[in-house]
Amino acid sequence: MKISSQIKLTHDAYAGFYSAGLTMLNSKTMERFTMTRHTNNETVYTSSDDLTLMVQHEKDSQTGAIRVQTIFTNNSKENITLEMVDSFVISEVEGDKIHRFLSFWSAEGRHKVDNVIDLNLEPSWTHTAYRVEKFGNVGSMPIRKYFPFVAIEDSKTGNFTAVQLYSPASWQMEVIIQEDERVTLTGGIADRDFGQFTKTLKPGEIFITPKAYVATGNSLVDVCDKLVKSQHPDISPVDDHMGITFNEYCTSWGNPSEESMKKIADCIEGKGIDYLVIDAGWFIQGKGKWWDETGNWNYSQKLFPNGLKPVADYIKSKGMIPGIWYEFENVSPMCELFEKDEYLVKKDSRPLTVGDRRFLDMQKDIVKDHLNKMVIDNLKEAGFGYIKVDYNDTMGMGCDGPDGMGENLRQKVLATQDFFRKMKAQIPELVIENCSSGGHRLEPSFMELASMASFSDAHEITALPLIAAALQLLIKPEQSQIWAVLRKDDSPARLYYSLCATLFGRMGLSGDIYDISKDQWAILEEGIAFYKKAADIIKNGKTTLIHSTSKSNNNPSGGQLSIREYDGKCLVIYHRFENSKDVYDFIKDEEISLNLKEEKIFSSFGCADQDFSAKAFILDLN
């Protein structure tokens with residue numbers, strides 16, 4: 001495996017061999033560069049016209065994964081324009097299978113594996129023509145269609161080489177085969193062909209790419225564990241113990257009030273829940289639904305006649321941290337800013353409009369001043385210690401600005417990330433939940449700025465444990481907030497099914513909390529107690545197995561069993577779907593290596609005795 005990087009400048013020739021429009025790799029731009037320095041941590045290439053390409057490749061001391069990033073400097077006497085700049089180029093990779101993770105709204109994290117032959121990537125008979133599989137995302141929702149991840153498996157040796165890219169807007173990855181059967185992996189900002197990217201640099205200017213991490217190992221779960229543990233999120237100091245959240249959205253469905261929030265607080269007081277969050281709708285002025293009034297951040301005097309602070313204070317008096325929902329980057333038609341062009345992102349000189357949303361230009365001082373007042377000052381004055389940041393549509397390929405539309409878009413998203421940092425700087429203990437219609441921002445650079453994230457909007461569907469389990473391979477489980485929505489008509493089997501799914505990450509609760517029965521409360525309290533026993537394994541462990549027999553999310557069949565190990569114990573989670581088996585028969589028939597004997601069971605929760613039920617075990621491995 002060899003790590004390097006490449007750029008492509010406008011006006012330079014493309015590589016040829018039928019590559020134009022497929023890849024910008026190996027263009028004439030790179031012929032002018034010569035390696036001038038190589039150390040364990042960086043490689044430097046320079047050109048005769050004083051361009052410098054520095055590739056940093058530093059090993060993470062804890063995981064062994066390699067952090068890769070490219071820094072390009074224009075030391076020439078002229079402006080130059082980039083139309084491609086890779087974060088990484090990894091060449092000479094042996095392998096024949098390509099692993100990726102797919103994603104759509106409420107269908108995040110589906111594992112996809114392709115064979116090089118099936119993708120028609122075998123080298124040409126002359127070993128010259130390019131074979132390219134290019135994929136990625138275009139827009140301001142970076143987790144859409146694919147996660148920024150790829151792994152190459154060598155089925156002969158069992159070795160894996162995997163990469164995870166940190167890019168909050170449009171990105172791309174390429175799997176390339178040309179001269180022989182070895183694979184080249186490239187990735188970074190979506191280029192001019194794929195994502196409308198160009199960037200002009202004046203003499204002396206520097207361009208720094210998004211970073212990536214590269215890991216090698218002997219299985220997919222092994223390399224994923226290394227990549228996930230290489231993520232270093234800025235988790236709030238008050239959120240260091242796998243705290244449980246109750247969010248009222250699936251209780252009020254966008255119609256919270258002072259009365260309902262106090263009622264919920266009374267119900268869950270002393271139950272081991274850390275956060276109580278007011279979700280969308282607290283700002284409704286009576287003109288429409290909450291999504292019609294997004295961007296109006298004055299509280300509803302009808303719903304909260306005494307303001308937000310008394311409610312936040314009441315939640316605190318019950319021993320919990322109060323939280324509140326915002327979607328501060330977007331505005332809807334019933335928000336007055338919807339018609340104020342000076343606040344808005346533009347495309348073709350007009351406000352960029354997607355459905356019923358327009359987008360605030362987060363680079364503008366007028367927008368920053370507005371959000372400082374309406375978001376940060378409100379959090380401080382009312383005493384909220386938790387903010388759920390939602391984002392419910394994408395800007396698409398790009399917007400107006402000084403560079404290519406893709407680069408202009410990226411700068412808008414980077415300005416959003418700066419606002420995340422400003423919130424933390426102003427309120428150091430603030431717990432930030434990263435949400436984008438559920439899972440559209442489960443990307444490492446956004447995850448680094450948050451304590452946790454909404455794993456998906458798949459709250460009440462039967463795909464819940466399938467999605468929750470898959471995300472353990474892509475984000476830290478301690479950040480993956482998984483909702484168990486409790487309904488007054490839920491059977492014990494359904495409660496076990498939902499609550500056991502939260503064991504794949506951070507427990508989140510919602511639903512008919514003040515209507516559930518005494519028996520249902522007993523199951524919930526037992527689930528909370530078990531979650532706290534398993535918290536160290538969830539937070540610090542290594543997932544060694546996720547085995548599912550279901551292909552469909554909408555109609556899952558068979559079963560799913562997962563194993564996560566830590567410090568001499570392991571957490572086993574088994575979900576039954578349609579036409580399912582007893583856990584012991586499932587283990588036997590699927591030839592899973594697991595000693596699920598009574599004397600090994602330290603603790604258990606649930607009852608997997610029928611379809612769509614679940615049970616979890618903590619085993620003592622000593």
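The values are calculated or read from the model by the stated rules, or taken from the named source; none is laboratory data. If you're wondering where the values come from, they're calculated on a predicted model, not measured in any experiment. Cβ placement follows ideal geometry from the backbone for every residue including glycine, while neighbour counts extend to all protein chains displayed. Only protein heavy atoms, including side chains, enter the accessible area calculation; ligands, DNA and RNA are left aside. Shrake-Rupley method; radii C 1.70, N 1.55, O 1.52, S 1.80 Å.
Exactly one residue among Thr23, Thr34 is assigned to a strand (DSSP E or B) and out of contact with any Leu (no Cβ under 6 Å at 6 or more places or on another chain), and that residue is Thr34. Could you tell me whether Asp86 is farther than 16 Å from Ala215 by Cβ and either among the acidic types (Asp, Glu) or at pLDDT below 95 (or both)? So Asp86 passes the test. Does segment 169-183 contain at least one residue that is polar (S, T, N, Q) and under 23 Å from Leu53 (Cα atoms)? Yes, segment 169-183 contains a residue that is polar (S, T, N, Q) and under 23 Å from Leu53 (Cα atoms).
Among the criteria (1) hydroxyl-bearing (Ser, Thr, Tyr); (2) surrounded by 20 or more Cβ atoms within 10 Å (Cβ to Cβ); (3) touching a Leu at 6+ places or on another chain (Cβ under 7 Å), the one Ser257 does not fulfil is (2).
Taken as a whole, the condition of being surrounded by 20 or more Cβ atoms within 10 Å (Cβ to Cβ) and part of a loop (DSSP other than H, G, I, E, B) does not apply to Thr29.
Scanning segment 103-114 for residues that are open to solvent by less than 40 Å² (accessible area, probe 1.4 Å) and either more than 20 Å from Ile546 (Cβ to Cβ) or in a strand (DSSP E or B) (or both) turns up Ser103, Ala107, Glu108, Gly109, Asp114. Against the definition (over 29 Å from Ser451 (Cβ atoms) and surrounded by fewer than 22 Cβ atoms within 10 Å (Cβ to Cβ)), how does Glu174 come out, yes or no? The answer is no for Glu174. For segment 274-294, which positions are assigned to a loop (DSSP other than H, G, I, E, B), open to solvent by less than 10 Å² (accessible area, probe 1.4 Å) and touching a residue at least 24 places away in the same chain (Cβ under 8 Å)? Answer for segment 274-294, where residues must be assigned to a loop (DSSP other than H, G, I, E, B), open to solvent by less than 10 Å² (accessible area, probe 1.4 Å) and touching a residue at least 24 places away in the same chain (Cβ under 8 Å): Asp279, Ala280, Gly281, Trp282, Glu293, Thr294. Cβ separations smaller than 7 Å between residues 6+ apart or across chains give the following pairs from segment 414-427 residues that are more than 19 Å from Glu327 (Cβ to Cβ) to residues that are part of a helix (DSSP H, G or I): Gln426/Ile376.
Those helices (runs of 4 or more DSSP H) of segment 357-451 in which at least 3 residues are at pLDDT 95 or above and open to solvent by 10 Å² or more (accessible area, probe 1.4 Å), considering only elements entirely within it, cover 365-371, 378-382, 405-426. Note on segment 362-388: residues that are over 30 Å from Thr198 (Cβ atoms) and of a type in the set (A, V, I, L, M, F, W, C) amount to 7. Go through (1) in a strand (DSSP E or B); (2) of a type in the set (A, V, I, L, M, F, W, C); (3) touching a Gly at 6+ places or on another chain (Cβ under 8 Å) one by one and return the number of the condition Leu561 breaks. The one condition Leu561 does not meet is (3). Pairs meeting the criteria (first residue in segment 548-568 and modelled with pLDDT of 95 or more and open to solvent by 20 Å² or more (accessible area, probe 1.4 Å), second residue β-branched (Val, Ile, Thr) and not in a strand (DSSP E or B), beta carbons under 6 Å, at least 6 apart or on different chains) are Tyr566/Ile537.
Looking only at residues of segment 142-163 that are open to solvent by 10 Å² or more (accessible area, probe 1.4 Å) and not charged (D, E, K, R), we find that the one that is nearest to Gly439 (Cα to Cα) is Tyr146. Only a single item in (1) open to solvent by less than 20 Å² (accessible area, probe 1.4 Å); (2) over 18 Å from Ile7 (Cβ atoms) is not met by Leu82, and it is number (2).
Among residues of segment 349-377 that are among the small types (Gly, Ala, Ser), those with a beta-carbon under 8 Å from a residue that is surrounded by 12 or more Cβ atoms within 10 Å (Cβ to Cβ) at least six positions away or on a different chain give the pairs Ser349/Asp400; Gly355/Asp393.
To keep it simple, each residue is scored yes or no on (1) farther than 23 Å from Thr63 by Cβ; (2) crowded, with 22+ Cβ neighbours inside 10 Å.
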site	(1), (2)
Val183	no, yes
Phe194	yes, yes
Lys199	yes, yes
Ile206	yes, no
Thr216	no, no
Cys224	no, yes
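Every listed requirement among (1) touching a Gly at 6+ places or on another chain (Cβ under 9 Å); (2) open to solvent by 50 Å² or more (accessible area, probe 1.4 Å); (3) in a helix (DSSP H, G or I) is met by Asp536 save one, (1). Between Asp240, Asp313, the distinction of being acidic (Asp, Glu), assigned to a helix (DSSP H, G or I) and open to solvent by 10 Å² or more (accessible area, probe 1.4 Å) belongs to Asp313 only. In the condition set (1) farther than 23 Å from His241 by Cβ; (2) in contact (Cβ under 8 Å) with a residue 24 or more places away in the chain, Ile528 is compliant with all but (1).
If the condition is being loosely packed, with under 15 Cβ neighbours inside 10 Å, part of a helix (DSSP H, G or I) and either over 29 Å from the mean Cα position of the chain (by Cα) or charged (D, E, K, R) (or both), then segment 511-531 contributes Lys518, Asp519, Trp521, Ala522, Glu525.
Is it the case that Ser61 is outside any strand (DSSP E or B), surrounded by fewer than 18 Cβ atoms within 10 Å (Cβ to Cβ) and modelled with pLDDT under 95? In short, yes. Filtered by the rule that a residue be part of a helix (DSSP H, G or I) and over 20 Å from Phe419 (Cβ atoms), segment 316-337 gives Lys316, Ser317, Glu336.
Conditions tested, residue by residue: (1) of a type outside the set (A, V, I, L, M); (2) open to solvent by 10 Å² or more (accessible area, probe 1.4 Å).
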residue	(1), (2)
Glu478	yes, yes
Ala484	no, no
Asp490	yes, yes
Cys500	yes, no
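Picking from residues in segment 572-622 that are buried (at least 21 other Cβ atoms within 10 Å of the Cβ) and polar (S, T, N, Q), the one that is farthest from Ile538 (Cα to Cα) is Ser580.
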